[in-house]
Amino acid sequence: MSETVSNKRTLEGVVVSNKGDKTIVVQVERKFLHPRYRKTVRSHKKYMAHDEANTCNIGDTVRIIESVPISKRKTWSLASILNRAEQL
């Protein structure tokens, strides 16, 4: 039984900024049904994540994972890059 169960949350989103050193801003979108009107509502939230190697570019689809607090607003880390954006 060498399986390790991780209680850390993971999210998938799109990189909207990579201006900070070793920092990316990831916009995560979620869809849910409105409780009264039964309409699908799109909601989004931005998370600051740690990118140690500065590998992400704007438009990349990434997976981020919870981590220990790295700074005041940065408590997520880059887990993997799922899709690369096309560079012009």
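Is there any pair linking a residue in the stretch 25-49 that is within 22 Å of residue 71 (Cα to Cα) to one that is among the basic types (Lys, Arg) and not in a loop (DSSP other than H, G, I, E, B), with Cβ under 6 Å and at least six apart or on different chains, and which?
From residues that are within 22 Å of residue 71 (Cα to Cα), the pairs are 25/46; 27/46; 28/45; 48/74.
If you go through the stretch 44-63, how many residues are assigned to a loop (DSSP other than H, G, I, E, B) and either touching a His at 6+ places or on another chain (Cβ under 9 Å) or not aliphatic (A, V, I, L, M) (or both)?
8
For the stretch 1-50, what are the residues that are more than 24 Å from residue 74 (Cα to Cα) and either surrounded by 12 or more Cβ atoms within 10 Å (Cβ to Cβ) or modelled with pLDDT under 95 (or both)?
Hits for the stretch 1-50 are 1, 2, 3, 4.
Which residues, counting only those in the stretch 51-88, are farther than 17 Å from residue 11 by Cβ, of a type in the set (S, T, N, Q) and surrounded by 11 or more Cβ atoms within 10 Å (Cβ to Cβ)?
Once the filter is applied, which keeps residues that are farther than 17 Å from residue 11 by Cβ, of a type in the set (S, T, N, Q) and surrounded by 11 or more Cβ atoms within 10 Å (Cβ to Cβ), the stretch 51-88 yields 54, 55, 57.
Can you tell me which residue within the stretch 48-70, out of those that are more than 23 Å from residue 87 (Cα to Cα) and not polar (S, T, N, Q), is nearest to the chain's Cα centre (by Cα)?
Among them, the one singled out is 65.
The values are calculated or read from the model by the stated rules, or taken from the named source; none is laboratory data. Remember, predicted model here, so these are calculated numbers, not experimental data. Methodologically, a virtual Cβ is constructed for each residue, glycine included, from the backbone with ideal geometry; neighbour enumeration extends over all protein chains shown.
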